[in-house]
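Okay, so here's the structure we're looking at.
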Amino acid sequence: MILISHRGNIDGKNPEKENTVAYITEALDKGYHCEIDVCKFDGKQFYLGHDEPQESVSMSWLRDNTLWCHAKTFNALEAMVAFGIHCFYHKSDDYTITSRGWIWAYPGMPGGKYSIAVHPEKLHPADVNKFAGVCSDHIGKFND
C-alpha cells in the first residue's frame with residue numbers, strides 16, 4: 001500500500017510546520033510519500049502553501065517521484081502539467097485523476113486498486129484495504 005503523508009504530517013496535524021520543505025523532507029526520509037499544496041507559480045518559482053505562498057521550491061524538488069502535488073490554482077496546475085510534475089486539482093469532487101493516472105478519492109468515498117483514500121479514518125478498515133494507497137495526517141497508523 002502507498003502511504004502518503006498529508007502535508008508532511010505523520011502523527012496528526014501540525015499547522016505550524018506542514019507544507020514546509022523541512023517537514024516534508026522529514027516525512028520523505030521516513031519512507032512516506034507526501035501530498036503537498038502548491039499554490040503559486042510566478043514564471044520561475046513554485047510556492048508551497050494552502051491559501052497563500054509560504055515557501056518557494058524549485059521545479060527539480062517538485063519532480064520527486066514520491067510527491068503528490070495538489071495544485072491550489074489553475075496557474076500552478078498548468079505549470080506543473082507542462083513541466084511533468086505529478087499533480088492534481090480538485091475542490092470538492094468525489095474523485096479526480098492525478099497526472100499519473102491515480103484516482104484521488106474525496107474523504108469517505110469508496111475506491112479500488114487504482115485509488116488513493118484521502119483521510120481514510122472516515123472509512124471502515126475493510127474498505128481501506130481495497131485502495132492502492134492512503135493519504136492521512138496520521139499516516140504512521142497505517143505503517144503496519
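Can you tell me which residue is surrounded by the most Cβ atoms within 10 Å (Cβ to Cβ) among those in segment 107-120 that are under 21 Å from residue 12 (Cβ atoms) and under 16 Å from the mean Cα position of the chain (by Cα)?
117
I'm trying to understand the selection: among the residues of segment 47-61, which are under 12 Å from residue 22 (Cβ atoms) and of a type in the set (Asp, Glu)?
Answer for segment 47-61, where residues must be under 12 Å from residue 22 (Cβ atoms) and of a type in the set (Asp, Glu): just 55.
Hey, which of the strands (runs of 3 or more DSSP E) in segment 1-50, taking only ones fully inside, have at least 3 residues that are farther than 24 Å from residue 113 by Cβ?
Strands (runs of 3 or more DSSP E) meeting the threshold: 33-41, 46-48.
Return the residues of segment 20-35 that are in contact with a Phe, Trp or Tyr (Cβ under 8 Å, 6 or more places away or on another chain) and open to solvent by less than 30 Å² (accessible area, probe 1.4 Å); say none if nothing qualifies.
Residues satisfying the conditions are 34, 35.
Identify, from the list 101, 112, the residue that is on the phi > 0 side of the Ramachandran plot and touching a residue at least 12 places away in the same chain (Cβ under 8 Å).
After ruling out the rest, the residue left standing is 101.
Filter segment 90-103 down to residues that are touching a Cys at 6+ places or on another chain (Cβ under 8 Å) and open to solvent by less than 30 Å² (accessible area, probe 1.4 Å), then give me how many there are.
Within segment 90-103, residues that are touching a Cys at 6+ places or on another chain (Cβ under 8 Å) and open to solvent by less than 30 Å² (accessible area, probe 1.4 Å) number 1.
Consider segment 64-82. How many of its residues are part of a loop (DSSP other than H, G, I, E, B) and open to solvent by less than 70 Å² (accessible area, probe 1.4 Å)?
Residues in segment 64-82 being part of a loop (DSSP other than H, G, I, E, B) and open to solvent by less than 70 Å² (accessible area, probe 1.4 Å): 4 in total.
Are any residues in segment 122-144 open to solvent by 60 Å² or more (accessible area, probe 1.4 Å), charged (D, E, K, R) and not in a helix (DSSP H, G or I), and if so, which ones?
130, 144
Within segment 87-102, is even one residue closer than 21 Å to residue 48 by Cα, at pLDDT below 95 and of a type in the set (Asp, Glu)?
No: zero hits.
Quick check, is residue 42 modelled with pLDDT under 95 and of a type in the set (Asp, Glu)?
Yes, satisfied.
Can you pull out the residues in segment 39-56 that are crowded, with 20+ Cβ neighbours inside 10 Å and closer than 24 Å to residue 140 by Cβ?
48
The values are calculated or read from the model by the stated rules, or taken from the named source; none is laboratory data. Quick caveat: nothing in here was measured; it's all calculated off a predicted structure. Please note: Cβ atoms are built from the backbone with ideal geometry, for glycine as well, and neighbour counts cover all protein chains shown. Please note that ligands, DNA and RNA were not included when accessible areas were found on the heavy atoms of the full protein model with its side chains. Shrake-Rupley method; radii C 1.70, N 1.55, O 1.52, S 1.80 Å.
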